[in-house]
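S.K.: Take this structure, written in structure tokens, and hold onto it; I'll ask about it next.
Quick note: the coordinates plus some simple rules give every number you see, no bench work behind them. These figures come from a predicted structure and were not determined experimentally. So basically every Cβ, Gly included, is an ideal-geometry build from the backbone, and we count neighbours across all protein chains shown.
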Amino acid sequence: MKTAFQITGLEEYLDALQRAGEDIDQISREALKEASEILVADMKRRVPVDTGNLLNHITIKVPSAPGHYNYREIGIIYDLAYTDKKTSIQARAVEFGSVRMKARPFIRPAISANRSRILEIFRRSLKSKDLID
């Protein structure tokens, strides 16, 4: 018994994969930048302000890694180049609460509130380069 089949659209698919390989790093960096700025603004709007210390430490860290690896750290960055240890501990206590303090989250609500907006940024970026429909 002999079976035959035909694949249609393979050339277009391979072309799209080629374009994706060329464009995806730049597309992801641009989308990450836009999404990060939205999250930082919302976190700053939501953070409880007493001394302003937490507000002043909400930032974006753009790590460098070899290869095709794009990501950002957003919020109170637990890295001594960005935030001292005391501020990091304070941020965790505010976000999650402690035995002496009720939680007043500002990071997780900002992420939840902007999830669909951020996904749309990535969707729009990929669609603008015809990498998705």
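S.K.: Give the angle, between 0 and 90 degrees and rounded to the nearest 10, that separates the Cα long axis of helix 10-46 from the longest principal axis of the Cα atoms of the chain.
M.R.: On a 0 to 90 degree scale, this one is about 10.
S.K.: Sequence-distant or interchain residues sharing an amide H contact under 5 Å with residue 77, placed H: which?
M.R.: It is 59, by chain and number.
S.K.: Next question. Relative to the longest principal axis of the C-alpha atoms of the chain, give the angle of the C-alpha long axis of helix 107-128, reported between 0 and 90° and rounded to the nearest 10°.
M.R.: 30
S.K.: Now, a different point. Can you tally the net charge around residue 48? Count Lys and Arg as +1, Asp and Glu as -1, for every other residue whose Cβ sits under 12 Å from the Cβ of residue 48.
M.R.: Numbers: positive: 44, 45, 46, 102, 104; negative: 50, 95.
Surrounding charge for residue 48 is +3.
S.K.: Same structure, new question: Give me the distance between the Cα centres of segment 21-59 and segment 70-98, rounded to whole Å.
M.R.: Result: 14 Å between the Cα centres.
S.K.: Can you compute the label reach from residue 78? Point 7 Å from Cα along the Cβ direction, backbone N cut-off under 15 Å, restricted to segment 87-107.
M.R.: 87-98, 107
S.K.: Can you tally the net charge around residue 126? Count Lys and Arg as +1, Asp and Glu as -1, for every other residue whose Cβ sits under 10 Å from the Cβ of residue 126. Numbers along the way, then the final one.
M.R.: Values: positive: 123, 124, 127, 129; negative: 23, 130, 133.
Net charge around residue 126: +1.
S.K.: Give the residue from 43, 74, 59 lying farthest towards the positive end of the charge dipole for segment 10-128; charges sit on Cβ (+1 for Lys and Arg, -1 for Asp and Glu) and the dipole is referred to the Cα centre.
M.R.: 43
S.K.: So what is the relative contact order of segment 10-128, in percent, for Cα pairs below 8 Å that sit 6 or more residues apart?
M.R.: Details: 109 pairs, mean separation 30.9, N = 119.
Reported relative contact order: 26 percent.
S.K.: Which of 33, 86, 61 moves the most in a Gaussian network model of the chain with Cα springs under 10 Å?
M.R.: It is 86.
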